[in-house]
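Q: Quick one: the structure is below, and I'll ask about it shortly.
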Amino acid sequence: MELLKGKENIEKAKSLEVAEEAREESWKYPSFVGDLFTGKLRWELVFPFPAQGPEDKRIGDEFLKKLETFLKTRVDADAIDRNSLIPDSVMQGLRELGCFGLKIPKEYGGLGLSQINYNRAMAMVASHCGSTAVLLSAHQSIGVPQPLKLFGTKAQKEKYLPLFAKGAISAFALTEPEVGSDPAKMSTTAMPIENENFYLINGQKLWCTNGTIADVIVVMAKTPPKIVNGKEKTQITAFIVEKNMPGFEVAHRCSFMGLKGIQNGLLKFHDVKVPKENIIWGLGQGLKLALITLNTGRMTVPAACTAMAKKSLLIARDWSNKRVQWGAPIGHHEAITSKISLMTATTFAMDSVTWLASAMVDGGKVDVRLEAAMAKLFCTEAAWRIADDSVQIRGGRGYETADSLRGRGEEPIPVERFLRDARINLIIEGTSEIMHLFIAREAIDPHLKRILPILSSRTSLADKIKKIGEAFWHYAFWYPRQWMYLSRWRKHAKVSPAVKRHIRFVEKTSHKLARNLFHAMAIHQQGLEKRQQILARFVNIGTDLFAMAATCSHAAYLVSQNPSDRGPEELADLFCREATLRIQREFLAQRRNDDKMIYRIGRKMLEGKYQWLETGIVK
Ligand SMILES: Cc1cc2nc3c(=O)[nH]c(=O)nc-3n(C[C@H](O)[C@H](O)[C@H](O)COP(=O)(O)OP(=O)(O)OC[C@H]3O[C@@H](n4cnc5c(N)ncnc54)[C@H](O)[C@@H]3O)c2cc1C
């Protein structure tokens, strides 16, 4: 048992080391969320709401008009779901519209859309057909075009980007059967041959979206380790692999609960010979490349989720008005009215978070890694709940397939498909748990940076004394400021009394969050990194604060554009009231919780101590 524990600790340490190596340490630009956890509110990054510029909007509107017509007339989403296939006619139509080059710069033949217009397009597709949205997103949010745009050489861009713009399909291959959230254990290798002019890739990649039909794939593989200070350092490198390279095999097409039309597979690589020119960014940069690609790549997911929420809401509203039970439309029964109300306010918050974060990407003056992670976490969880609520509101029809509804003469409303399609968003491009860990790691980083060198046995006594002095002076000024601070929101946030109190709450609570995080750090020291329940609560509080700030800013902007309609403020008010209650509950749970008992019982269950509960079932 002790031996096993020791092995587990070594494996964990190795995984952490690889993750830390790949972590982006520097912050070139400010981050609203990053600073929120230290009690510093950069309101200027959120206010005024960064509305889309008129020229960019015109470009987007023009494209969206064509896209909407195409989706309505040529994409039968139920048939794609039924046949598990996106037909060639749809693929061709998408090519003709330029959908495979939405984000590819114009100089390479793409449409060169901004992040906002790209997300608007992906949202529109997602509101109609999840499979088609994922096809396009896997291709250019994370597939080869994105890392090439970020890190490719001129030659690589000139060779591949025009092909993608014309409709060649790409994919992103990181996951393996034994490697999901933790890439340290990656077993796919790329060994140098012929004076390191070529690499031989061997291994397999699982669940690679578009993998079965892709022309070009970015594949992460282990190259020989580097020796640093006598210690081996794992090297993960990104390679461009073409489907016609000998040794590449599509071993299996996977099928799922939802997204039936996606082409997702198990890919095998047997001595696939790849020239060194196909390395993106350089040897050993592959994991960092994958993580940075995902930082903006995962922005498509919240846009898609927001669109799915809007469509679910539309269906729920329509049905709640039409369906009469117990003498009244079901929407008039309080249980359903309140569901609709909260769905509406949450959808507005999702919209606000998504477009704020997308505009931050376009503005290029904010480091969006945490905003994108929060947008992904917040919108995927919310979309899943909203899809579930829309199924509930549709009652039995919510559970019935569109084909079955059509078959007996009813309108084929596909909420059942929406629910199935929505579930995966909590898993792909960083699971909710991994998003929590990712955000938490950055939230505690300012403290870790100061504390770790003091606790490390590798720091000399003289350095330790120096570091203790530095930490003392830093906290001597920083900590009192978390209790007594100058309010900054008035300078930036021009909001009406309806939402003013929420802005004040965000400011006050960010200081409370900073204090509580500091207290937790002082109590648990570096052990805090392992206290996932505590950290998750901090991240949930931070996420709600970010969503509140985005929602109030969005509402203020919309009301400024149309002062006669105070609806956005009303929705912001409701969302913020609910978020405030959640935040208060999380703070309370930080003081009074059953964490230890929950953990103990979980471990006992895992050890089989509650097997008596697993009786009376078919095993
Ligand atoms: C439809 C679909 C499409 C996909 N597309 C792609 C693609 O295009 N390219 C690609 O490379 N991959 C793709 N994936 C893989 C996807 O990214 C992974 O499923 C995801 O990263 C999670 O990995 P896993 O499934 O192995 O789960 P695991 O990593 O085994 O995790 C299982 C559970 O444990 C939790 N967990 C893991 N580690 C921790 C931890 N340290 N602390 C707390 N909880 C933890 C996870 O959150 C999860 O709930 C796809 C998967 C699916 C199903």
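Q: Which condition number in (1) within 15 Å of the ligand (Cβ to nearest atom); (2) in a loop (DSSP other than H, G, I, E, B); (3) more than 15 Å from residue 294 (Cβ to Cβ) is the one that residue 420 fails?
A: All conditions pass for residue 420, except number (2).
Q: So, in the stretch 38-63, how many residues would count as being of a type outside the set (S, T, N, Q), open to solvent by less than 50 Å² (accessible area, probe 1.4 Å) and not in a helix (DSSP H, G or I)?
A: 8
Q: A follow-up question, please. With the checklist (1) open to solvent by 10 Å² or more (accessible area, probe 1.4 Å); (2) within 15 Å of the ligand (Cβ to nearest atom); (3) touching a strand residue (DSSP E or B) at 6+ places or on another chain (Cβ under 9 Å) in hand, flag the one item residue 200 doesn't pass.
A: With respect to (1) open to solvent by 10 Å² or more (accessible area, probe 1.4 Å); (2) within 15 Å of the ligand (Cβ to nearest atom); (3) touching a strand residue (DSSP E or B) at 6+ places or on another chain (Cβ under 9 Å), residue 200 is out only on (2).
Q: Look at residue 190 and say whether it is farther than 19 Å from residue 142 by Cα, out of contact with any Gly (no Cβ under 7 Å at 6 or more places or on another chain), buried (at least 21 other Cβ atoms within 10 Å of the Cβ) and at pLDDT 95 or above.
A: Judged against the criteria, residue 190 is a match.
Q: Next question. So for the stretch 212-231 (the condition being touching a residue at least 60 places away in the same chain (Cβ under 8 Å), within 19 Å of residue 193 (Cβ to Cβ) and not hydrophobic (A, V, I, L, M, F, W, C)), does at least one residue qualify?
A: Yes: one or more hits.
Q: Among the numbered conditions (1) in a loop (DSSP other than H, G, I, E, B); (2) more than 10 Å from the ligand (Cβ to nearest atom); (3) more than 23 Å from residue 84 (Cβ to Cβ), tell me where residue 234 comes up short.
A: Exception for residue 234: condition (1).
Q: Of the numbered conditions (1) within 16 Å of the ligand (Cβ to nearest atom); (2) of a type in the set (Phe, Trp, Tyr); (3) surrounded by fewer than 22 Cβ atoms within 10 Å (Cβ to Cβ), residue 239 fails exactly one; give the number of that condition.
A: Residue 239 satisfies every listed condition except (3).
Q: Counting only residues that are closer than 28 Å to residue 387 by Cβ and either without any contact (Cβ under 8 Å) to a residue 24 or more places away in the chain or among the aliphatic types (A, V, I, L, M) (or both), how many does the stretch 267-308 have? Please lay out each step first, then the result.
A: First, pick out the residues of the stretch 267-308 that are closer than 28 Å to residue 387 by Cβ: 293-308.
When the remaining residues are screened for being either without any contact (Cβ under 8 Å) to a residue 24 or more places away in the chain or among the aliphatic types (A, V, I, L, M) (or both), the result is 294, 299, 301, 303-304, 307-308.
Summing the residues that are closer than 28 Å to residue 387 by Cβ and either without any contact (Cβ under 8 Å) to a residue 24 or more places away in the chain or among the aliphatic types (A, V, I, L, M) (or both) in the stretch 267-308 gives 7.
Q: Taking the stretch 138-178, which residues are within 16 Å of the ligand (Cβ to nearest atom), assigned to a loop (DSSP other than H, G, I, E, B), over 20 Å from the mean Cα position of the chain (by Cα) and in contact (Cβ under 8 Å) with a residue 12 or more places away in the chain?
A: Of everything in the stretch 138-178, those that are within 16 Å of the ligand (Cβ to nearest atom), assigned to a loop (DSSP other than H, G, I, E, B), over 20 Å from the mean Cα position of the chain (by Cα) and in contact (Cβ under 8 Å) with a residue 12 or more places away in the chain turn out to be 169, 177.
Q: A follow-up question, please. So which of 426, 405 is away from the ligand (no atom under 16 Å from the Cβ), in contact with a helix residue (DSSP H, G or I) (Cβ under 7 Å, 6 or more places away or on another chain) and either open to solvent by 20 Å² or more (accessible area, probe 1.4 Å) or not assigned by TED's automatic domain parsing to the domain that holds residue 524 (or both)? Please lay out each step first, then the result.
A: Details: 426 fails: away from the ligand (no atom under 16 Å from the Cβ).
None of the others qualify; the one that does is 405.
Q: For the stretch 242-275, give me each residue that is within 11 Å of the ligand (Cβ to nearest atom) and surrounded by fewer than 19 Cβ atoms within 10 Å (Cβ to Cβ).
A: If the condition is that a residue be within 11 Å of the ligand (Cβ to nearest atom) and surrounded by fewer than 19 Cβ atoms within 10 Å (Cβ to Cβ), then 254, 255, 256, 257 are the ones that fit.
Q: Look at the stretch 306-337 and say how many of its residues are open to solvent by 50 Å² or more (accessible area, probe 1.4 Å), part of a helix (DSSP H, G or I) and polar (S, T, N, Q).
A: Taking the stretch 306-337 first, the residues open to solvent by 50 Å² or more (accessible area, probe 1.4 Å) are 310-311, 314, 317-318, 321-327, 332-335, 337.
Okay, now just the ones that are also part of a helix (DSSP H, G or I), so 310-311, 314, 317-318, 321-322, 332, 334-335, 337.
If we keep only those that are polar (S, T, N, Q) as well, we get 321, 337.
Of the residues in the stretch 306-337, 2 are open to solvent by 50 Å² or more (accessible area, probe 1.4 Å), part of a helix (DSSP H, G or I) and polar (S, T, N, Q).
Q: Out of the stretch 458-511, which residues are among the basic types (Lys, Arg) and surrounded by fewer than 17 Cβ atoms within 10 Å (Cβ to Cβ)?
A: Step one: list which residues in the stretch 458-511 are among the basic types (Lys, Arg), which gives 458, 464, 466-467, 481, 488, 490-491, 494, 500-501, 504, 508.
Result: 458, 464, 466, 481, 488, 490, 491, 494, 500, 501, 504, 508.
Q: Which one of these is part of a helix (DSSP H, G or I), of a type in the set (A, V, I, L, M) and within 16 Å of the ligand (Cβ to nearest atom): 437, 370?
A: Working: 370 fails: within 16 Å of the ligand (Cβ to nearest atom).
So the residue among 437, 370 that is part of a helix (DSSP H, G or I), of a type in the set (A, V, I, L, M) and within 16 Å of the ligand (Cβ to nearest atom) is 437.
Q: Can you spot a residue in the stretch 204-226 that is open to solvent by 30 Å² or more (accessible area, probe 1.4 Å) and among the aromatic types (Phe, Trp, Tyr)?
A: Yes, that holds for at least one residue.
Q: Separate question: Is there a residue being hydrophobic (A, V, I, L, M, F, W, C), assigned by TED's automatic domain parsing to the domain that holds residue 282, within 16 Å of the ligand (Cβ to nearest atom) and open to solvent by 20 Å² or more (accessible area, probe 1.4 Å) anywhere in the stretch 124-137? Even if it seems obvious, please write down each step before you answer.
A: Within the stretch 124-137, the subset hydrophobic (A, V, I, L, M, F, W, C) is 124-126, 129, 133-136.
From what is left, the residues that are assigned by TED's automatic domain parsing to the domain that holds residue 282 are 124-126, 129, 133-136.
After this cut, where a residue has to be within 16 Å of the ligand (Cβ to nearest atom) as well, the list is 126, 129, 133-136.
Keeping just the survivors that are open to solvent by 20 Å² or more (accessible area, probe 1.4 Å) gives 134.
Looking for residues that are hydrophobic (A, V, I, L, M, F, W, C), assigned by TED's automatic domain parsing to the domain that holds residue 282, within 16 Å of the ligand (Cβ to nearest atom) and open to solvent by 20 Å² or more (accessible area, probe 1.4 Å), one finds at least one in the stretch 124-137, hence yes.
The values are calculated or read from the model by the stated rules, or taken from the named source; none is laboratory data. In this text the structure is predicted, and so the values were computed from the model without any measurement. In this analysis, Cβ positions are derived from the backbone assuming ideal geometry, glycine residues included, and neighbour counts consider all displayed protein chains. Surface areas here come from the heavy atoms of the whole protein model, side chains and all, with no ligands, DNA or RNA. Shrake-Rupley method; radii C 1.70, N 1.55, O 1.52, S 1.80 Å.
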